[in-house]
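Heads up: the structure comes next, in structure tokens.
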Amino acid sequence: MSPRSTSISVTLADSLERQILDGAYRSGDKLPSLRELAQMQGYSKNTIVAAFEMLVGRGLVEPRRGAGYFVTAQPARPRQDDDAGSLHRAMDIVWLMREQLKSHPDTLAVGDGFPPVEWLSEARLDKYHHKVVRTGLGTLFRYGSRFGYAPLRDHLVRKLADLGIGADARQIVLTHGANDALDLVIRYFLPAGATVLVDDPGYYPLFGKLKLAGVRIVGVPRLADGPDLEALEQCLIRERPRLFFTQSVAHNPTGSDLSAAKAFRVLQLAQKYNLLLVENDPLADFKPATLPRLSALDQLERTIYIGSFSKSFSAALRVGFIACGADLASDLADLKALIHVSSSEYCERTVDVILSEGHYQRYITRLRARLADATSRALSLFDRIGAEVFARPEQSLYLWAALPGVPDSLALAEQLLREKVMIAPGRVFCVDADAPSPWSRYNVGALQDARFEPALRAVLDRR
């Protein structure tokens, strides 16, 4: 065998070893046959046989006459992204995002960012595929418009009108969810070194995006009825930022809603200091349309409104949108085309079909009723425990709570993780992630699980 063939054999053996130790192939699994690997990789059979023999020598596989090579019993090497033993890694934004995306069948994710699956399953996504295909089979095999699927944008014009926001289809750009919308706004407005204001505590993936862009983040303290106005004005005087990212309704993580009085004052400050407000509203379907929104009061003059269907239908659909001035929308659509070419028309058609069905409004009504009931139960639970709750809305996916005798929720999170309960400690949501915080974000749907209260009481009793 030539030196080059030997090198290829070693590389292939090392690759298969990594897959075995990482669990891609488990004990008793059959490796691909010589013919399959030769066709997939373009290697000679002698090269593949040499690699298999190396694996046999390493004790990872065994040959079975006439059947092939099979993985022997091996202790699985822990995956690098499974190092959740210490929640100090929760200060790493990407770590927490990975944890949110994992499935832990035996762990109760009380800090989860999404409604319970059983709530969303009533949307019945399984019944819409054939209707989506009938809306235009030919165009589903091509890129869509840079603005997104036109009928869905027309639907959003009516949906925004229900919130009091006047817009036409030229002012709406569809995106791959609200996070993609935030990313487009950051790319368009914020060069490296720019200063931006955010809610503090606030939406931690936004903090990660801003850090990735090299932007300087300044937090505006969030109160139970909206931003701290005095602190906001001082930041505007001192920092002269261009943008303020905020959530008026169903604020993540505090669950608080902006009051009408504060909404007017925020807009006055924006006018005075030439500030652009980016209003993220991913939970609009969960809250009454009558609640104050900056974009409804301002009519997209100094506001950019971002919405999403990830929380109300499915995160897998990845459909969000930006509503703003027509000229800005055109620029953002061009930027979107440069980055993605287009968004997913199949997903956008699916959302459009859902919105067109009479089932949608009944589904949203049930979703809100479930949320109101879960919020009431969660507040009662915290009252029994003696917790301090930041805001007490009638319905909110999140509650921001501090538990008695717990000065730093990170330590509480570490203790609860041993009880197979995962919470979202407050530091994660704060601009200064090094400062201890007694607060944590709790998902009211997950709090209904019977495992939570006994586990929490056990930890509090030990403390």
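The values are calculated or read from the model by the stated rules, or taken from the named source; none is laboratory data. No experiment lies behind these values; they were computed from the predicted model shown. Quick reminder, even Gly has a Cβ in these numbers, built from the backbone with ideal geometry, and neighbours come from all protein chains shown. Surface accessibility is based on the protein's heavy atoms, side chains included, excluding ligands, DNA and RNA. Shrake-Rupley method; radii C 1.70, N 1.55, O 1.52, S 1.80 Å.
Whole-Hz Karplus values for region 50-65 come out as 4, 5, 4, 5, 4, 5, 4, x, 7, x, 9, 9, 9, x, 10, 3 Hz, taken residue by residue from phi with 6.51 cos²θ - 1.76 cosθ + 1.60 and θ = phi - 60°; glycine and proline positions read x. Under 1.5 on a/c is rounded, so check that first for region 392-463, then, if it is not, pick prolate when a/b is larger than b/c and oblate when it is not; a ≥ b ≥ c are the square roots of the alpha carbon gyration tensor eigenvalues. Oblate, because a/c is 1.5 or more while a/b does not exceed b/c.
Would you work out if region 280-357 is rounded, prolate or oblate? Take a ≥ b ≥ c from the square roots of the eigenvalues of the alpha-carbon gyration tensor; rounded if a/c is under 1.5, else prolate when a/b is larger than b/c, oblate otherwise.
On the way: a/c = 2.22, a/b = 1.05, b/c = 2.12.
Here region 280-357 falls in the oblate category.
With the simple spin-label model, which puts each label point 7 Å out from Cα in the Cβ direction, the Asn46 to Ile237 separation comes to 8.2 nm. What the phi angles of region 147-155 give under the Karplus curve with 6.51, -1.76 and 1.60, with θ = phi - 60°, is a coupling list of 7, x, 4, 4, x, 5, 5, 5, 4 Hz, glycine and proline written as x.
Within the same chain, aspartates and glutamates fewer than 8 places from Lys420 are excluded, and of the rest, those with a Cα less than 20 Å from its Cα are Asp81, Asp82, Asp83, Glu99, Asp106, Asp112, Asp408, Asp449, Glu453, Asp461. Per-residue packing, averaged as other Cβ atoms within 10 Å, sorts the ranges 394-406, 151-163 into the order 394-406, 151-163, beginning with the highest.
Taking the centroid of alpha carbons for each part, region 263-299 and region 392-417 are 28 Å apart.
Counting only helical runs of four or more DSSP H residues, what would the 222 nm mean residue ellipticity of the chain come to if each run contributes -39,500 (n - 2.57) and the total is spread over all its residues?
On the way: 17 runs with 198 residues, N = 463.
So the helix-based figure for the chain works out to -13000 deg cm²/dmol.
As a rough guide to protection, the peptides 255-265, 25-35, 347-357 ranked by mean Cβ packing within 10 Å, highest first, stand as 347-357, 255-265, 25-35.
For region 270-419, what is the convex hull volume of the alpha-carbon atoms per residue, in Å³? Before the final figure, lay out the partial values.
On the way: hull volume 29.9 nm³, N = 150.
Per residue, the Cα convex hull of region 270-419 comes to 199 Å³.
Rounded to the nearest 0.05, the FRET efficiency derived from the C-beta distance between Arg65 and Ser27 at R0 = 25 Å is 0.80.
Checking (i) 26.9; (ii) 31.3; (iii) 21.6 against the coordinates, the calculated mean projected area of the Cα convex hull in nm² falls under label (i).
For the chain, which whole percent of the accessible surface, found with a 1.4 angstrom probe, sits on carbon and sulfur atoms?
Values: 10760 of 20710 Å².
C and S atoms contribute 52 percent here.
What is the sum of charges around Ala167, taking Lys and Arg as +1, Asp and Glu as -1, for the other residues whose C-beta is under 14 Å from the C-beta of Ala167? Residues close to Ala167 contribute a combined charge of -3.
If Lys and Arg each add +1 and Asp and Glu each add -1, what is the summed charge of the other residues whose beta carbon sits under 12 Å from the beta carbon of Ala231?
On the way: positive: Arg222, Arg238; negative: Asp199, Asp200, Asp228, Glu230, Glu233, Glu239.
Value of the local net charge: -4.
Taking each of Lys159/Lys336; Lys209/Lys336; Lys209/Lys287 in turn, the alpha-carbon distance tops 18 angstrom for Lys159/Lys336; Lys209/Lys287. Taking a ≥ b ≥ c as the square roots of the eigenvalues of the alpha-carbon gyration tensor, region 200-269 is classed oblate because a/c is 1.5 or more while a/b is no larger than b/c.
The label point for Leu212 and the one for Arg187, both projected 7 Å from the Cα toward the Cβ, are 1.0 nm apart. Kirkwood analysis of region 222-309, using all unique Cα-Cα pairs, places the hydrodynamic radius at 13.0 Å.
You can think of it this way: the chain between Ala450 and Gln39 has 142.7 nm of extra reach, that is 0.36 nm per residue less the Cα-Cα gap. Here region 147-280 is treated as a sphere whose radius is the Kirkwood value from Cα pairs; by Stokes-Einstein at 10 °C and 1.306 mPa s it diffuses with a coefficient of 101 µm²/s. For the chain, the solvent-accessible area works out to 45 Å² per residue, with a probe of 1.4 Å and every protein chain left in place.
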